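**Q** Take this structure first; my questions come after.
The values are calculated or read from the model by the stated rules, or taken from the named source; none is laboratory data. Quantities reported herein were computed from a predicted structural model and do not represent experimental measurements. Cβ placement follows ideal geometry from the backbone for every residue including glycine, while neighbour counts extend to all protein chains displayed. Note: areas computed on protein heavy atoms with side chains; ligands, DNA, RNA excluded. Shrake-Rupley method; radii C 1.70, N 1.55, O 1.52, S 1.80 Å.
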Amino acid sequence: MRDRRVGCLVMMRARLLRGGVSAGLLLVFLFSMSQPGQAIPAFARKYGLPCSACHIGWPILNNFGLAFRDNGYQLGNDRDSPIYQDASYWPITFRVTPNWHLESQTKVAVDPTPTTAGGEQTVTTHGFDLSGLDIWTAGTLYKNISFSVLPSMAEGDTFHFENAFVRFDNLFHSPWVNLKFGKFELDNLLSEKRFLTLSSVGGAWYNYHFLPPGDVNGFGGIGDNQLGLELAGHNSNSYSRYSIALLSSVDGNPGLTAAGNGGTARTYDVYATASHGFPVKGLGVQRIGAYAYFGLSPTYFLTQTVGGVTTPLKAEGNRSFSRVGAFGWWFFKDLDVETFYMHGQDNVFLGNGVAANDPGSLPAGAAGPSWNGGFVEAHYTYSPQLIFTGRYELVHMSRQANPAISDTLGNVDSFTIGYRWYPIMFSRAGLAFHNEYSQARTGNTSLLTQSNQTSRSVMVGFDFDY
């Protein structure tokens, strides 16, 4: 909801959905009333809709976009069929961000040179650069069978699959029963894949990936896409939603014998979340929810060495970890605010980096590390073409893995500010002029003085998709 007209439009869409108006009528209504806005172009081309039909500001989904995704990328009309195409429909989107950025970190340990002494220095680099490349295709294979495939490549890296799944929608003729199989994003209402910051410091939520220093848990966090099976459901307007996922303990890495967390996997993790939305007159749909992730990570491997090359064969000594918390998404007309809380805990063997078959190596007083964290992120939509964003985030340790570790080691305090201006956003292509400043302070992480370090990013770029 960006101005009065768009805000009225979103409210009318919700009323139409609640009133059971046919999707065909809804399509005609949206096509005739919506203004150009922000969206992934492939679906806008397919349905002849403006991008603002599904997005607060590309790439953040509004309630209509969330309901469209929950329904398996379907509106319930003839255009849902994969057979329906015309010459203007290109079912693939790619996204890349050429940019200039500056990176700075304080108290970096450096080696001495013939002209300078070693010690700790602030290291600053800057220049022109490229982001990675995302190539995304998604849609329907058949009625109530949807899919998504997203090959992605970091700059100078090889391609990997960010997601690849098939989803069976509306099983038993009910939106409450949908089954997804493959690699997919966890059903986080506050999606890290769809937020507005891109810099090295501000381009991820620390809470979604945090591990205490020295912890050997291979879990990359709830922000990582995972491999598994998801049962999910929602009501007709997606105000009420749930998801339960059974996941291989591999942090999304394919290949049961691949290196990394859970390489040689033989255990499973569980993620569950539920949320509920309720409209507040004149403000928008407010959402609250909770989530929990319970998993296992190995502490050592059975290995085989041939010709000097050691290969892990089987994960052993699996120990537990958990991530639990709550979230909210609050709308105040043109301002929306995301709030998030997490409590994390790892097993004592994971936290101390000790194999579970060697308990004698645990230091005196060892315990499972735990921490608390959260963030508040706000977006102010001045117009459909201009969005300002700001975030404050922290993660603080509540218990370290052993008494020898400083109470504040690994603590994170960060903030990010920025804006995105969309000079172009049509059904075939989108362009955002992206400006961002991010800063993060980590507790006692400098190698030489064990004091706080500060990292800063400045980023200016053009984020575009087609």
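**Q** Restricting the range 350-365 to residues that are touching a Gly at 6+ places or on another chain (Cβ under 7 Å) and open to solvent by less than 20 Å² (accessible area, probe 1.4 Å), which is nearest to G214 (Cα to Cα)?
**A** Once the filter is applied, the top-ranked residue is G351.
**Q** Can you find a residue in the range 164-176 that is surrounded by fewer than 16 Cβ atoms within 10 Å (Cβ to Cβ) and closer than 30 Å to Q439 by Cβ?
**A** Within the range 164-176, not a single residue is surrounded by fewer than 16 Cβ atoms within 10 Å (Cβ to Cβ) and closer than 30 Å to Q439 by Cβ.
**Q** Looking at the structure I just gave you, is T442 in contact (Cβ under 8 Å) with a residue 12 or more places away in the chain, open to solvent by less than 30 Å² (accessible area, probe 1.4 Å) and β-branched (V, I, T)? Give the steps one after another, and end with the answer.
**A** Numbers: in contact (Cβ under 8 Å) with a residue 12 or more places away in the chain: yes; open to solvent by less than 30 Å² (accessible area, probe 1.4 Å): no; β-branched (V, I, T): yes.
No: the conditions fail for T442.
**Q** Further question on the same structure: Restricted to the range 401-448, and to residues that are part of a loop (DSSP other than H, G, I, E, B) and closer than 19 Å to P59 by Cβ, which residue is modelled with the highest pLDDT? Explain how you work it out, then say what you get.
**A** Taking the range 401-448 and keeping what is part of a loop (DSSP other than H, G, I, E, B), we get 401-411, 426-429, 443-448.
This time we only want the ones that are closer than 19 Å to P59 by Cβ, so: 426-429.
Working: F426: 74, S427: 70, R428: 69, A429: 78.
If we take residues in the range 401-448 being part of a loop (DSSP other than H, G, I, E, B) and closer than 19 Å to P59 by Cβ, then A429 is modelled with the highest pLDDT.
**Q** Looking at the range 207-216, is at least one residue among the polar types (S, T, N, Q), buried (at least 19 other Cβ atoms within 10 Å of the Cβ) and either under 11 Å from the mean Cα position of the chain (by Cα) or within 26 Å of V376 (Cα to Cα) (or both)? Can you show your working first?
**A** Pass one, the range 207-216, residues among the polar types (S, T, N, Q): 207.
Subsequent filtering for residues that are buried (at least 19 other Cβ atoms within 10 Å of the Cβ) retains 207.
Within this subset, residues satisfying the condition of being either under 11 Å from the mean Cα position of the chain (by Cα) or within 26 Å of V376 (Cα to Cα) (or both) are 207.
Taking every residue of the range 207-216 in turn, at least one turns out to be among the polar types (S, T, N, Q), buried (at least 19 other Cβ atoms within 10 Å of the Cβ) and either under 11 Å from the mean Cα position of the chain (by Cα) or within 26 Å of V376 (Cα to Cα) (or both).
**Q** So which residues in the range 109-121 are outside any loop (DSSP other than H, G, I, E, B) and either open to solvent by 60 Å² or more (accessible area, probe 1.4 Å) or free of Cβ contacts under 8 Å to residues at least 60 places away in the same chain (or both), if there are any at all?
**A** First, pick out the residues of the range 109-121 that are outside any loop (DSSP other than H, G, I, E, B): 109-110, 119-121.
Once the filter is applied, which keeps residues that are outside any loop (DSSP other than H, G, I, E, B) and either open to solvent by 60 Å² or more (accessible area, probe 1.4 Å) or free of Cβ contacts under 8 Å to residues at least 60 places away in the same chain (or both), the range 109-121 yields V110, Q121.
**Q** Starting from the range 265-290, keep only residues that are over 29 Å from D251 (Cβ atoms), then list their pairs with residues that are outside any strand (DSSP E or B) and open to solvent by 20 Å² or more (accessible area, probe 1.4 Å) whose Cβ atoms are within a distance under 6 Å, requiring at least 6 positions of separation or different chains.
**A** Every condition considered, the pairs that remain are G284/M1; V285/N63.
**Q** I would also like to ask the following. Testing V250 on (1) within 18 Å of the chain's Cα centre (by Cα); (2) at pLDDT 95 or above; (3) β-branched (V, I, T); (4) more than 27 Å from P384 (Cβ to Cβ), one condition comes back false. Which one is that?
**A** Status for V250: all satisfied but (2).
**Q** Return the residue satisfying two criteria in turn: it lies in the range 293-313 and is surrounded by 15 or more Cβ atoms within 10 Å (Cβ to Cβ) and not polar (S, T, N, Q), and of such residues it is farthest from L256 (Cα to Cα). Lay out the reasoning, then the answer.
**A** From the range 293-313, those surrounded by 15 or more Cβ atoms within 10 Å (Cβ to Cβ) are 293, 295-301, 312; that's our starting set.
Narrowing the set further to residues that are not polar (S, T, N, Q) leaves 293, 295-296, 298, 300-301, 312.
Numbers: Y293: 21, G295: 17, L296: 15, P298: 14, Y300: 16, F301: 13, P312: 11 Å.
Filtering first and then ranking leaves Y293.
**Q** I've got another one for you. Identify, by number, the condition in (1) over 30 Å from the mean Cα position of the chain (by Cα); (2) over 22 Å from S398 (Cβ atoms) that P363 doesn't meet.
**A** In the conditions (1) over 30 Å from the mean Cα position of the chain (by Cα); (2) over 22 Å from S398 (Cβ atoms), P363 misses (2) alone.
**Q** Quick test of your reading of the structure: L179 fulfils all but one of (1) open to solvent by 40 Å² or more (accessible area, probe 1.4 Å); (2) more than 18 Å from Q226 (Cβ to Cβ). Name the failing condition by number.
**A** (2) is the only condition that L179 fails.
**Q** Restricting attention to the range 83-93, and to residues there that are surrounded by 14 or more Cβ atoms within 10 Å (Cβ to Cβ) and in contact with a strand residue (DSSP E or B) (Cβ under 7 Å, 6 or more places away or on another chain), which single residue is modelled with the highest pLDDT?
**A** The selected residue is T93.
**Q** Still on this structure, I have one more. Name the single residue that is nearest to V285 (Cα to Cα) among those in the range 314-347 being within 20 Å of the chain's Cα centre (by Cα) and open to solvent by 30 Å² or more (accessible area, probe 1.4 Å).
**A** W330
**Q** Going by what's in this entry, would T124 be described as out of contact with any strand residue (DSSP E or B) (no Cβ under 8 Å at 6 or more places or on another chain), surrounded by fewer than 16 Cβ atoms within 10 Å (Cβ to Cβ) and β-branched (V, I, T)? It would help to see each step written out before you state the result.
**A** Working: out of contact with any strand residue (DSSP E or B) (no Cβ under 8 Å at 6 or more places or on another chain): no; surrounded by fewer than 16 Cβ atoms within 10 Å (Cβ to Cβ): yes; β-branched (V, I, T): yes.
Answer is no for this residue.
**Q** Identify, please: which residue in the range 366-396 is closer than 19 Å to I60 by Cβ, touching a residue at least 40 places away in the same chain (Cβ under 8 Å) and under 20 Å from the mean Cα position of the chain (by Cα) and is, among those, surrounded by the fewest Cβ atoms within 10 Å (Cβ to Cβ)?
**A** Among those residues, the one meeting the criterion is A378.
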